[in-house]
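All remarks here apply to the structure that follows.
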Amino acid sequence: MLIEILIALVILNGAVFTLVGSYGLLKLTGPMSRLHAPTKASTLGVGSLLLGSILHAFASGEGSMHEVLVMAFLFVTAPISANFIAKVNLHRLRGRPELPPPPESRDWATYAEK
Amino acid sequence: MIDLSLYVALGMVGLAQLMAMVRLVIGPDTGDRILALDTMVINAIGLIILGGAIWGTQIYFESAMIFAMLGFVSTVAIARFVLRGDIIE
Amino acid sequence: MGLTRKIFPHPTLSVLLLLVWVLLVNHLSLGTVVFGAILGVLIPILTAAYWPDRPRSPRPWLLLSYIGVVLWDILVANLQVARIVLFKRNADMAPNWVVVPLELRTPEAITMLAGTITLTPGTVSADLSCDGHALLVHALDAPDPDAVRDEIKNRYERRLKEIFE
């Protein structure tokens with residue numbers, strides 16, 4: 001009984017965070033601000049859903065751990081895709097003077113001569 | 001009780017998927033559209049995992065894994081195309 | 001030493017491959033472990049030529065404690081970002097750019113730091129300077145950019161410097 005409540009809480013927690021991530025994607029203003037909500041809330045949300053799935057599998061007698069692979073993959077790739085999207089945003093912002101300059105260097109790498 | 005929470009979670013992640021789809025349609029910038037697509041892939045992984053738990057089968061895991069890999073690669077490919085106008089250099 | 005280095009050019013990779021194989025098959029038996037071990041020995045040998053400069057292996061216990069700290073921070077800070085997203089009006093937010101000068105020099109350490117910054121909510125690492133000596137970070141709600149910079153330097157960069165350098 002206790003383990004059922006725990007599993008239900010983990011799954012609902014994951015769903016809430018996934019929803020908050022997508023809500024933030026819809027609500028926030030500015031491309032860079034919008035980047036924050038989904039890259040994190042969704043990672044934790046789906047991570048929590050996967051954890052709930054693992055616990056569910058163990059509770060119903062057929063232990064399975066391979067959801068850990070998807071979780072690890074998401075946690076490794078989420079920062080990389082976020083970084084690529086941030087670079088796309090910077091690329092489109094080129095020419096607007098709101099970026100702080102880097103110390104002791106010519107420019108940020110996205111703007112460097114290729 | 002677990003079944004109920006699974007169905008509620010399915011509804012909530014579905015709603016999240018709809019919100020991301022709205023952002024995909026209204027844009028306004030290329031970066032927003034790529035981000036919306038990336039979010040939709042992550043939400044779809046959540047939906048697939050929930051479906052696997054509801055119907056009690058392990059087969060859905062493989063599709064979740066493939067979704068995770070393809071989603072990452074396609075996000076990077078689109079972003080790279082916008083940045084460089086070329087995917088493979 | 002020389003022979004074991006030839007057979008196990010990359011011991012961590014071997015263990016990782018074995019673990020991934022067992023998880024993929026999702027069934028722990030002697031056959032799975034043996035085949036995973038064969039893969040774990042063969043793949044590093046075949047790809048060793050493409051790893052010309054092998055990074056110095058990090059200190060495992062420090063790395064584990066670092067991962068623990070980061071996971072805890074992800075949990076705590078996700079609640080903060082959820083609160084900001086749900087209850088703060090857009091006009092009240094103060095999104096800001098933060099420049100973090102780096103003391104780390106190895107690419108692995110900088111990659112870890114950038115990934116950590118992105119995963120801990122409230123901040124996204126956006127770009128690296130040309131010479132790789134500074135990181136451009138975007139903060140969702142930071143009225144004081146210097147505080148964000150100091151927290152990143154004290155909490156994460158110091159630990160990574162101990163682990164990798």
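The charge dipole of segment A:1-95, taken about its Cα centre with unit charges on the Cβ of Lys, Arg, Asp and Glu (plus for the first two, minus for the last two), comes to roughly 780 debye. Other residues lying with their Cβ under 15 Å from the Cβ of B:F67 contribute a combined charge of -3, Lys and Arg counting +1, Asp and Glu -1.
Divide the volume of the convex hull around the Cα atoms of segment C:60-164 by the residue count and you get 84 Å³ per residue.
The ellipsoid equivalent to the alpha-carbon distribution of segment B:2-84 has semi-axes of 27, 17, 5 angstrom, derived from the gyration tensor eigenvalues as √(5λ) and listed largest first. Placing +1 on the Cβ of every Lys and Arg and -1 on the Cβ of every Asp and Glu, with no other charges, gives chain C a dipole of roughly 560 debye about its Cα centre. Charging the Cβ of each Asp and Glu at -1 and of each Lys and Arg at +1, and nothing else, the dipole of the protein assembly as shown about its Cα centre rounds to 320 debye. So what's the back-of-envelope 222 nm ellipticity for the protein assembly as shown, counting only DSSP H runs of four-plus at -39500 (n - 2.57) apiece and dividing by all residues, rounded to 500? It comes out at -23000 deg cm²/dmol, rounded to the nearest 500.
Derived scalar couplings between HN and Hα for segment A:55-62 equal 4, 4, 5, 5, 5, 8, x, 10 Hz in order, rounded to whole Hz, by the Karplus curve 6.51 cos²θ - 1.76 cosθ + 1.60 (θ = phi - 60°), x for Gly and Pro. The residue among C:P121, C:F35, C:P101 whose Cα reaches farthest toward the positive pole of the charge dipole of chain C, with charges on the beta-carbon of Lys, Arg, Asp and Glu, is C:F35.
Rg/Rh for segment C:7-86 (Cα atoms only, Rh after Kirkwood) is 1.17. So how far, in whole Å, is the C-alpha centre of segment B:25-86 from the one of segment C:91-122? That distance is 24 Å.
Within segment A:33-57, the residues that become at least 50 Å² less accessible when every protein chain is included than when their own chain is isolated (1.4 Å probe; DNA, RNA and ligands ignored) are A:R34, A:H36, A:K40, A:L44, A:L49, A:H56. In sequence order, segment B:67-83 has phi-based couplings of 4, 4, 5, 5, x, 5, 5, 6, 4, 5, 5, 5, 4, 5, 5, 5, 6 Hz under the Karplus curve 6.51 cos²θ - 1.76 cosθ + 1.60, θ = phi - 60°, and Gly or Pro positions carry x. Farthest toward the positive end of the dipole of segment B:2-84, out of B:G46, B:T57, B:I2, is the Cα of B:G46, where the dipole comes from beta carbon charges about the Cα centre. Taken across both chains, chains A and B shield about 4200 Å² of accessible surface from a 1.4 Å probe. Distance between the 7 Å Cα→Cβ label points at C:L71 and B:V22: 3.5 nm. Since only C:I110, C:L140, C:L75 are under comparison, the one whose Cα sits farthest along the positive direction of the charge dipole of segment C:60-164, derived from C-beta charges on Lys, Arg, Asp and Glu, is C:L75.
Within the shell of other residues whose beta carbon sits under 11 angstrom from the beta carbon of B:I78, the net charge comes to +1, with Lys and Arg scored +1 and Asp and Glu -1.
The values are calculated or read from the model by the stated rules, or taken from the named source; none is laboratory data. Note that the structure is predicted; figures quoted are calculated from it, not measured. With ideal geometry, Cβ positions are generated from the backbone for all residues, glycine too; neighbour counts draw on all protein chains shown. Note: areas computed on protein heavy atoms with side chains; ligands, DNA, RNA excluded. Shrake-Rupley method; radii C 1.70, N 1.55, O 1.52, S 1.80 Å.
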